[in-house]
1. Being in contact (Cβ under 8 Å) with a residue 12 or more places away in the chain and part of a strand (DSSP E or B) is the filter; apply it to region 184-198 and report the residue that is nearest to residue 120 (Cα to Cα).
2. Out of all the residues in region 160-183, which are touching an Asp or Glu at 6+ places or on another chain (Cβ under 8 Å) and either open to solvent by 40 Å² or more (accessible area, probe 1.4 Å) or in a loop (DSSP other than H, G, I, E, B) (or both)?
3. Picking from 71, 129, 136, which residue would you name as being open to solvent by less than 80 Å² (accessible area, probe 1.4 Å), touching a strand residue (DSSP E or B) at 6+ places or on another chain (Cβ under 9 Å), of a type in the set (Val, Ile, Thr) and within 24 Å of residue 187 (Cα to Cα)?
Amino acid sequence: MRKPAFILMLFVIILTAAACGNTNKPLGQSGNEVSGNAPSPSPTVEASATTEPAATPDPSVEPTVQAEQETSVKIYYSDTELDKMVSKDVPMKSSSNEDLIKQALAALQQDGPEGTVNLWKPIPIKSVTLKDHAVTIDIELPDTARLGAPGEGMLLDTLGKTLFQFDFVQSYDLLVDGKALESLMGHFDLDHPTVRHP
């Protein structure tokens, strides 16, 4: 009587132990599967998250910096008597301050309103740069572009008046073939640089 009861009890204990072992096993397996699968998706998510932001900001920032702005610029010419300056408002679209300066100087070489003379038209502009509020202009000066004292004075006045309308320009340096000459045409001293007067 005691032996069957003992055997029966031992059998129940073994079954219980086996059941507990099986219960732990699937949990361990399922835990391993989760932990085994977890690293796979997380690197994929991290890689895509890292890649997308790096690619997205760069293209979106560049167009903002280079966005064109429209403004009205006064271009100054001389009257036919070389006595006074005449201005003309010219609309311009520019992507930077330097670009705006280049466009203003290009407009300075175009014909002005009726009753004006364009003194800058026969003078080729080789290069224009803007750095630290200072404009550097390198030109060629053909003999056909040389003027008397009134013409040289008016040429420099129209340049200064056109450039100094911009708050970001504090000085300009006018070079001829890369050289800082004492005088442009022999009648007026040429400062290097010419500084905005207060």
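The values are calculated or read from the model by the stated rules, or taken from the named source; none is laboratory data. Just so it is clear, the structure is predicted and the values come from calculations on it, not from any experiment. Every residue, glycine among them, receives a Cβ derived from its backbone with ideal geometry; neighbour counts consider all protein chains shown. Side chains included, ligands, DNA and RNA excluded: accessible areas come from the protein's heavy atoms. Shrake-Rupley method; radii C 1.70, N 1.55, O 1.52, S 1.80 Å.
1. By that ranking, first place goes to 194.
2. Selection gives 177, 178, 180, 182.
3. Of 71, 129, 136, the one residue that is open to solvent by less than 80 Å² (accessible area, probe 1.4 Å), touching a strand residue (DSSP E or B) at 6+ places or on another chain (Cβ under 9 Å), of a type in the set (Val, Ile, Thr) and within 24 Å of residue 187 (Cα to Cα) is 136.
One line per residue, one yes/no per condition, for (1) surrounded by fewer than 16 Cβ atoms within 10 Å (Cβ to Cβ); (2) over 28 Å from the mean Cα position of the chain (by Cα):
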{"residue": "116", "(1), (2)": "no, yes"}
{"residue": "124", "(1), (2)": "yes, no"}
{"residue": "140", "(1), (2)": "yes, yes"}
{"residue": "145", "(1), (2)": "no, yes"}
{"residue": "154", "(1), (2)": "no, yes"}
{"residue": "158", "(1), (2)": "no, yes"}
